[in-house]
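Novice: Mind having a look at this structure? Questions to follow.
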Amino acid sequence: MTIIRQSVEADFAAILTIINDASQVYRDVIPTDRWHEPYMPAEELTREMHTGGVVFWVAEEDGQVRGVMGMQDKGDVALVRHAYVASSTQRSGLGTRLLRHVEGGTDKPILIGTWAAASWAIDFYRRNGYTLVDDDQKDRLLRRYWSIPVRQIETSVVLGNARWVRAQAPTR
Ligand SMILES: CC(C)(COP(=O)(O)OP(=O)(O)OC[C@H]1O[C@@H](n2cnc3c(N)ncnc32)[C@H](O)[C@@H]1OP(=O)(O)O)[C@@H](O)C(=O)NCCC(=O)NCCS
């Protein structure tokens, strides 16, 4: 049985393990100067949860946390952050279920940032109704809504959901 629920403090270790397990796919794919291990240090996760305002949701299968996804309210938009499914559980629909669940928690346009080289993640979001924003706009969005180094801006893409795309359409 799969349950999706907001994370609690007791999930911290499981969330950290899933992120650092699933992010191994970035090794040798993202620019080498951006790879570090662990990919998500515990202090960074603590910061994201307690001061960064990222609300984490977990997907539990048979009592075990198998996936995690965060949602960060940024005023006029909401960001999906830190989307990871345990490597042994990937491609079985759990990421899609988690995404649908976190999307249901906001009526704001949703943006997602990921590595330009993470073609599987881009594919995953496109299949779920997201559209890549053009290069000029993505730089502007990454600077405005994310706190990431310039080098990461250069090597990232941004996708927006249908509500985001509609909000960009010129009004007559
Ligand atoms: C991206 C991720 C969260 C998706 O969760 P998931 O449970 O695997 O996704 P779903 O099963 O709902 O959807 C699967 C679809 O996503 C894409 N996809 C996911 N993993 C993929 C992979 N390793 N290779 C190619 N496509 C992949 C494909 O379109 C796939 O459909 P297919 O299996 O029919 O080809 C998960 O694969 C993951 O944690 N990946 C590693 C970390 C990552 O890239 N996170 C995204 C950060 S923004």
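Novice: Exactly one condition in (1) farther than 15 Å from G63 by Cβ; (2) more than 14 Å from the ligand (Cβ to nearest atom); (3) outside any helix (DSSP H, G or I) is false for F12; which is it?
Specialist: (3)
Novice: Scan the range 58-112 for residues that are near the ligand (Cβ under 7 Å from one of its atoms), assigned to a strand (DSSP E or B) and without any contact (Cβ under 8 Å) to a residue 60 or more places away in the chain and jot them down.
Specialist: Within the range 58-112, G67, A83, I112 qualify.
Novice: So which of G93, G113, G104, G160 is surrounded by 18 or more Cβ atoms within 10 Å (Cβ to Cβ) and closer than 15 Å to M69 by Cβ? Walk me through how you get there before you give the answer.
Specialist: Working: G93 fails: surrounded by 18 or more Cβ atoms within 10 Å (Cβ to Cβ); G104 fails: surrounded by 18 or more Cβ atoms within 10 Å (Cβ to Cβ); G160 fails: closer than 15 Å to M69 by Cβ.
Result of the check over G93, G113, G104, G160: G113.
Novice: Please determine, by comparing only the residues of the range 144-154 that are under 24 Å from G129 (Cβ atoms) and surrounded by 14 or more Cβ atoms within 10 Å (Cβ to Cβ), which one is nearest to the chain's Cα centre (by Cα).
Specialist: First, pick out the residues of the range 144-154 that are under 24 Å from G129 (Cβ atoms): 144-146.
Next, from what is left, pick out any that are surrounded by 14 or more Cβ atoms within 10 Å (Cβ to Cβ): 145-146.
Details: Y145: 13, W146: 12 Å.
Among residues in the range 144-154 that are under 24 Å from G129 (Cβ atoms) and surrounded by 14 or more Cβ atoms within 10 Å (Cβ to Cβ), the one nearest to the chain's Cα centre (by Cα) is W146.
Novice: Can you report the number of residues in the range 24-77 which are exposed (fewer than 13 other Cβ atoms within 10 Å of the Cβ), closer than 26 Å to T2 by Cβ and among the charged types (D, E, K, R)?
Specialist: Number satisfying all stated conditions: 1.
Novice: Looking at the range 127-143, can you tell me whether even one residue there is touching a residue at least 60 places away in the same chain (Cβ under 8 Å) and at positive phi? Explain how you work it out, then say what you get.
Specialist: Taking the range 127-143 first, the residues touching a residue at least 60 places away in the same chain (Cβ under 8 Å) are none.
Checked the range 127-143: no residue is touching a residue at least 60 places away in the same chain (Cβ under 8 Å) and at positive phi.
Novice: Search the range 147-172 for residues that are more than 11 Å from A116 (Cβ to Cβ) and pair each with any residue that is surrounded by 12 or more Cβ atoms within 10 Å (Cβ to Cβ) and at pLDDT below 95 when their beta-carbon atoms are under 7 Å apart and the residues are at least 6 apart or on different chains.
Specialist: Pairs found: R151/R34.
Novice: Next question. Search the range 1-20 for residues that are without any contact (Cβ under 8 Å) to a residue 60 or more places away in the chain and pair each with any residue that is of a type in the set (S, T, N, Q) when their beta-carbon atoms are under 9 Å apart and the residues are at least 6 apart or on different chains.
Specialist: As it stands, the answer is F12/T46; A14/S7; A14/Q64; I15/S7, since those pairs meet every condition given.
Novice: Only residues in the range 35-47 that are closer than 13 Å to H82 by Cβ count as the first member; pair them with residues that are among the aliphatic types (A, V, I, L, M) and in a helix (DSSP H, G or I), Cβ under 6 angstrom, at least 6 apart or cross-chain, and list the lot.
Specialist: So the pair list comes out as M40/I19; L45/L16.
Novice: Which residues, taken from the range 3-23, are exposed (fewer than 14 other Cβ atoms within 10 Å of the Cβ) and either in contact with a strand residue (DSSP E or B) (Cβ under 7 Å, 6 or more places away or on another chain) or not hydrophobic (A, V, I, L, M, F, W, C) (or both)?
Specialist: Pass one, the range 3-23, residues exposed (fewer than 14 other Cβ atoms within 10 Å of the Cβ): 3, 5-6, 8-10, 13.
Scanning the range 3-23 gives I3, R5, Q6, E9.
Novice: I've got another one for you. Considering only the range 31-51, state which residues are under 16 Å from the mean Cα position of the chain (by Cα) and within 16 Å of the ligand (Cβ to nearest atom).
Specialist: Y39, M40, E44, L45, E48
Novice: Sticking with this structure for a sec: Tell me whether the range 128-141 contains one or more residues that are within 13 Å of the ligand (Cβ to nearest atom) and in a helix (DSSP H, G or I).
Specialist: no
The values are calculated or read from the model by the stated rules, or taken from the named source; none is laboratory data. These numbers were taken from a predicted model, which means no experiment stands behind them. All Cβ positions, even for glycine, are placed from backbone atoms using ideal geometry, and neighbour counts span all protein chains on display.
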